[in-house]
Amino acid sequence: MTSHLKRNWSSTLNEEEQQRNDFWYEQKKRLRGFKKSFSGPLSNRNVGLETPPTTPEKKGKTTSRDLYSHDKVVRRLRFTEESYSPYNEAKKAFLRGSAADLSNQHYLPGRQREAKALEKFIIDALHKIQSTSMYISGPPGTGKTAQVNAILQSLTEADIQNKDPASRIYNMDFAYNECSEKRTVRLIKINCMTLRTPEDIFKKMDDTSDIHHANGSIQQKEYVKRSLGKSSKYDMTILILDEMDSVINKYQQTLFELFSWASQLHASSESVEKPRLVLIGIANALDLTDRFLPRLRSNRINPKLVQFLPYTASQIRDIITTKLYNLDSSITTQGDNRAGLPPIIHPSAILFCAKKAAVSTGDLRKAFDIIHRSIEVTEEMTMKRLSEDKFKSLTIKTAPKVMIAQVAKVCTSAFNTDYQQKLSALNFQSKTLLCCLFKFEEKRKGDGTEPVAKKSSKADLSINTFFEFYNKFLKSVDRMISTLRRGEFLEILSTLESSSLVNLSLLSDNSAKFVSGNPISRGASSPFKHMITFGNYKISSNIPREEFMKSIRSIELLMKLMECHQ
């Protein structure tokens, strides 16, 4: 009896255990299938969900609807395809990156005198294989860089070996005293705005810059110097330093050495192989070599100076008119007056734009921007007035011309003195920064509430000093207004400067040395302590205080900042 009960009890346990095992086996099987069909961790709500017996597969069928939708997507992605407009070619001609008119022996319009001096300078140096230097100065937009590139292109385009610009070695053909000559030249173009330190110029000049130099920049500089000698595989090296004022620091050692290499200083030293270097520096400052490189004159190094003056109204008018004539070769100045008129833009509108640009800055790029925008305004007006079919039937000859009204409208926006219109487009942070700028100027000049201890130095007006004031002032007045990081702060300043609401200019003192700002290196003996950065620029407001107060009357936080006396 006992054995029978014991046997039944054990059999009952075995059956229950078997059922329990079967139950957990099914659960594990479900979970295993669930993990295969889904990636990622399991949550409580997912446990127990059954998966389909097989994973659904996409069929490789294509219906007519799929083809139609595919074509629709393709058409939508072709964003580079432009619709026809008689104004398209004219708009392209006045883009800032458009090609210059070099039909007259690679001389830019209005720059024949400067171009001839530059061409003669380069040809004489190549003929004599003699080191020399030139400094080209002039305001922005006067064709300095474009003219240098055009002259060098005219000297290199004739030889088929010059098809590989990556080698930087060119065969330059030129005529000297009615004799044809050829020189093998290494051409190096450097935009100094892309460099962090002046010593980076030697890295750009070093063909083996990827090889580690044991003594760092010193040995690299000596290697570059030796590579410019007679034993090099080319006759001369032409070095173009664009925006040269961007690498000026307190000591000027790098630029002084480059100008000395491109001079006769090494002629008396027989132990040192004389470099063969033609140095062409380009910058905006008219007297940069005298003010910031005084050691050149004391060492009898006198670079040849070429100055590019701002474009006059007649020069700007001729350049714009020539570009318009090039759009249609059938248009000539002979015959009746209508045949001699340029397409797209009326001559009176061209003259109006030229005078506006010449009076303001003489910047040709600014005139191109005005013409480009005026063409867009006229195109938009024509598209609204005409049907699509009539608009597409227009040609460059029959299209409505840009008149003075359209140019005047664009000029009003470009040279706008309507401060309220400019201020209304600013966001809160931009207006806050302008508030701090007014208070910053009050503190530096003295607002009459307290005596000024001493006259503020120019360093007190730099962007670096203003940034420090901006952070302290906002935190002391109202912590509800968050301060910007330095990068955001500089970006807004650049936007305000482009809108002509603030002025930014380089700082310099009476001793012809740049005023120190935010140093790259904190060490007192570092040669980069006074390196020019964006923070070294002088900042000042370019808007009347009364006009700014009108624009912020409804903003209590900003009024609180302006009324604060600290």
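Here are a few things to note about the model shown:
- Placing +1 on each Lys and Arg Cβ and -1 on each Asp and Glu Cβ, with no other charges, gives the range 370-412 a dipole about its Cα centre of roughly 140 debye.
- Positive minus negative residues near PHE548 (Lys, Arg vs Asp, Glu; Cβ under 11 Å): +3
- Here the 3J(HN,Hα) profile of the range 490-503, calculated from phi with Karplus coefficients 6.51, -1.76 and 1.60 at θ = phi - 60°, is 5, 5, 5, 4, 5, 5, 5, 5, 5, 8, 6, 8, 9, 10 Hz, Gly and Pro shown as x.
- Per-residue HN-Hα couplings for the range 296-308 [Karplus 6.51, -1.76, 1.60; θ = phi - 60°; Hz; x = Gly/Pro]: 5, 5, 5, 9, 6, 10, 10, x, 5, 9, 10, 10, 9
- Here ARG485, ARG96 are placed in order of increasing Cβ neighbour count within 10 Å, fewest first, which gives ARG485, ARG96.
- Local net charge near PRO109, Cβ-Cβ under 13 Å (Lys/Arg +1, Asp/Glu -1): +1
- The trypsin sites (Lys or Arg not before Pro) of the range 273-320 that DSSP puts in a loop, and whose beta carbon has at most 14 other beta carbons within 10 Å, are ARG300.
- Overall form of the range 333-412 per C-alpha gyration tensor (a/c, 1.5; a/b vs b/c): oblate
- Of the residues MET193, MET236, MET244, the one with the fewest other Cβ atoms within 10 Å heads the list, and the complete ranking is MET193, MET236, MET244.
- Euclidean distance between Cα centres, the range 356-387 to the range 274-306, Å: 39 Å
Any read-out appearing in this document is the output of simple, stated calculations on the displayed coordinates, not a laboratory observation. This one's a predicted model, so the numbers in the text were calculated from it and none came from an experiment. Cβ atoms come from the backbone with ideal geometry, glycine included; neighbour counts cover every protein chain shown.
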